[in-house]
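Input: a single structure, listed below in structure tokens.
The values are calculated or read from the model by the stated rules, or taken from the named source; none is laboratory data. As the structure is a computational prediction, the values presented were derived from the model and not from experiment. Ideal geometry is used to build each Cβ from the backbone, glycine not excepted, and the neighbour counts take in all protein chains shown.
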Amino acid sequence: MIVKQRIGLKNGVNDRMTTSALNQPQVLLSFDDQPTSPELNLNLQVQECCSLVKKCKSLEQFKQAHAHILKLGLFWNSICASNLVVTCALEKWGNMDYACSIFRQMEDPGSFEFNSLMKGNVNDFNLEETIFLYDDMLKRGLRPDNYTYPIVLKACAGLGAVEEGMQIHGHVFKLGLEDDVFVQNSLINMYGKCGEGHNSCVAFEKMDQKSVASWSAIIAAHARLELWRECLRLCRDMMSEGCWRVEESILVSVLSACTHLGDLDFGRCIHGCLIRNMSGLNVIVGTSLIDMYVKCGSLEKGLVVFQKMGMRNKMSYSAMISGLALHGSAKEALRVFAEMLEEGLQPDDVVYVGVLSACSNAGLVNKGLRYFGRMKFEHGIEPTIQHYGCMVDLLGRAGMLKEAFELIKNMAMKPNDVLWRSLLSSSKIHQDLEIGMIAAGNLFPLNSHNASDYLLLSNMYAKAQRWEDVAKIRKAMASKGLIQVPGFSMVKVNGKIFKFVSQDRSHPQCEGVYEMLYQMEWQLKFDGYSPDTSQVLLDVDEVEKRQRLSAHSQKLAIAFALLHTADGAPIKTCSTNFKMELALVEITGEKKILKSYQVFFQLKTWNHAIPDNLKAQQNRSILFRAGTFMLMGHNQHESQACPSYYTQLDEIQRYNR
């Protein structure tokens, strides 16, 4: 449309153009066949040449058309030259180097040609060249317009060039284009991608009329900054203002927020909107739904979405494999992986992280080693630090600590603190003080400001009754200013999150909670349950250990939930005492969704849905303990909570993503 407007055709053009040779089956004519009648007016020649350029389907045809224009001597005509630049820069088969060479031959290119060339460079990811072209445009005295700035701001966003972006924002203000909705959306997007959340919000708030693209840009900006609750708040605001429309970018950002917050209810609402407004889900939105469901504890829903997808790609399979691994369904995860290979899709390093995690969660040592070898030798994927982390985790859980230590020593890369921390945690579980001291000796120099690392070694000494060494660790922590954050438990009741700490009496309904706790303890004792006092790593007698366990934060959270939920209603909580949880589920008959760092458990009876490798570990002595993880999300402070039940936050993110 823009090109046609610039051609300047008059209404009285002779209808002979419809019978021109250009409209015959042969699109590109040889030079000898071109009409040479002197009566052919200039406008008709220009029209025919522009039509010839637009009909090109490849670069080779385009070069023939370019040569034809040069032969006719029409390149000096700005319309022909402009069409050549625009077509070569913006068509899929175009070539930016060739487009730039044509552009440089133009005597006096205008803003239209600059905009087209800049857009072509952005599409071709030549972002720096786009900024240079904008600078050249200003030096030539040309006035940028509202088509210029969305292109240039997109280049700044891709480069993360916030300083240049702010300068261009100043140009927008000087030219009076700050009220243009397309420019405003581009400013929101640029600041968001550059990590300038405040400036992005300021640009958004100044808009008089916000379009769907405006909401999409501001939600995506908050998602990039991992401000997940703000993403959901903005989505609700958008819906309340009547701007809701099913758009892929918004859905992916909102579903990602639901995933990180564990907000299954809101995620289901988004899914419902999709079902009502879309005939089918594309692969990107479908994959986001799978990821949301499995990480929010609803494996069944994730499987349904996966099975109904008409088209699946590598990311879809990766999300499903990782989700099944997260829920402890190792055999199903490996079956989906085999199905992926049968489909002819080649796995990448992310897929293999899910596969190895599945083997680790289920204790499949031999299969894990076999897949680790296939990854290297069959699919040519070099192991990353994440893959080594999975293998150390796998071997450590199985008690093969020496093998795990040898694997770390023989790595092609330098081991990081996550690997040494994993080995230290495994050493604590299997009470191998020798390997634990080696792991701690390598871990402390890499990260000397994590109190949880020192507490792990301290607890190992306490378990071995080496109280003098415990005192030394505590003294070292005090000298470094490291503070132990008390452990806590979270529970979701009626859409709200409630936090409890051990011996907590600060809640307004404290009396009712402790009355329910007393009834729970009585019923558990009647059914033969006795607390495992070995988990209390303090130099105190058995009576005091039992007293400390009686008001454990997890018991308080469950007692509160039982008081405020109907019979049969699901209770969402984290778990720090697996044996007590199992006994309580059997007594109350409640369905619980328990989330550890790597595995979800949905329990209805004592033995239902528990992976075999965890049935033998009823004290929950697995590598990743709960108690430092809130079911509905996690924050930076939780990694130091609850010294006996912790892991580092980056390990959680590695497995959950």
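Tabulated values for the structure
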read-out	value
Checking Asp179 against (1) outside any helix (DSSP H, G or I); (2) surrounded by 15 or more Cβ atoms within 10 Å (Cβ to Cβ), the condition it does not meet	(2)
Qualifying residue in region 143-152 (condition: over 30 Å from Leu52 (Cβ atoms), within 28 Å of the chain's Cα centre (by Cα), at pLDDT 95 or above and not assigned by TED's automatic domain parsing to the domain that holds Gly73)	yes
Of all residues in region 91-141 being of a type in the set (A, V, I, L, M, F, W, C) and surrounded by fewer than 16 Cβ atoms within 10 Å (Cβ to Cβ), the one that is farthest from the chain's Cα centre (by Cα)	Leu138
Neighbours by Cβ (under 9 Å, 6+ apart or cross-chain): first from region 269-297, more than 17 Å from Ser249 (Cβ to Cβ); second surrounded by fewer than 22 Cβ atoms within 10 Å (Cβ to Cβ) and of a type in the set (Val, Ile, Thr)	Arg276/Val246; Tyr293/Val304; Gly297/Ile593
Contacts under 6 angstrom Cβ, first residue in region 448-462 being within 14 Å of Ser479 (Cβ to Cβ), partner not aliphatic (A, V, I, L, M), 6 or more apart	Ala451/Gln484; Ala451/Gln640
All helices (runs of 4 or more DSSP H) inside region 185-304 with 1 or more residues being within 14 Å of the chain's Cα centre (by Cα)	212-224, 228-240, 248-261, 283-295
Enumeration of residues in region 79-102 that are within 13 Å of Asn123 (Cβ to Cβ) and either acidic (Asp, Glu) or assigned to a helix (DSSP H, G or I) (or both)	Val86, Cys88, Ala89, Leu90, Glu91, Met96, Ala99
One residue from Ser425, Ser458 being buried (at least 22 other Cβ atoms within 10 Å of the Cβ), hydroxyl-bearing (Ser, Thr, Tyr), closer than 28 Å to Ser322 by Cα and touching a Leu at 6+ places or on another chain (Cβ under 9 Å)	Ser425
Every residue from region 306-329 that is in contact with a Leu (Cβ under 6 Å, 6 or more places away or on another chain) and over 27 Å from Met278 (Cβ atoms)	His327
Given (1) surrounded by 15 or more Cβ atoms within 10 Å (Cβ to Cβ); (2) farther than 30 Å from Ala462 by Cβ; (3) at pLDDT below 75, number of the condition Met516 does not satisfy	(3)
Selected residue (only one of Asp291, Asp263 is modelled with pLDDT of 90 or more and buried (at least 21 other Cβ atoms within 10 Å of the Cβ))	Asp291
Yes/no for Met437 being in contact with a Gly (Cβ under 7 Å, 6 or more places away or on another chain) and either surrounded by 12 or more Cβ atoms within 10 Å (Cβ to Cβ) or not hydroxyl-bearing (Ser, Thr, Tyr) (or both)	no
Selected residue (criterion: modelled with the lowest pLDDT) from residues of region 321-333 that are within 24 Å of Asp265 (Cβ to Cβ) and in contact with a Ser or Thr (Cβ under 9 Å, 6 or more places away or on another chain)	Leu326
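Table: residues versus (1) closer than 30 Å to Met340 by Cα; (2) touching a Lys or Arg at 6+ places or on another chain (Cβ under 6 Å).
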{"position": "Gly373", "(1), (2)": "yes, no"}
{"position": "Pro383", "(1), (2)": "yes, no"}
{"position": "Leu407", "(1), (2)": "yes, no"}
{"position": "Lys414", "(1), (2)": "no, no"}
{"position": "Leu423", "(1), (2)": "no, no"}
{"position": "Asn442", "(1), (2)": "no, no"}
{"position": "Leu456", "(1), (2)": "no, yes"}
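Let's see how each residue does on (1) at pLDDT 90 or above; (2) touching a Phe, Trp or Tyr at 6+ places or on another chain (Cβ under 8 Å); (3) at positive phi; (4) in a loop (DSSP other than H, G, I, E, B):
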{"position": "Gly441", "(1), (2), (3), (4)": "yes, no, no, no"}
{"position": "Asn459", "(1), (2), (3), (4)": "no, no, no, no"}
{"position": "Gln465", "(1), (2), (3), (4)": "no, no, yes, yes"}
{"position": "Ile483", "(1), (2), (3), (4)": "no, no, no, yes"}
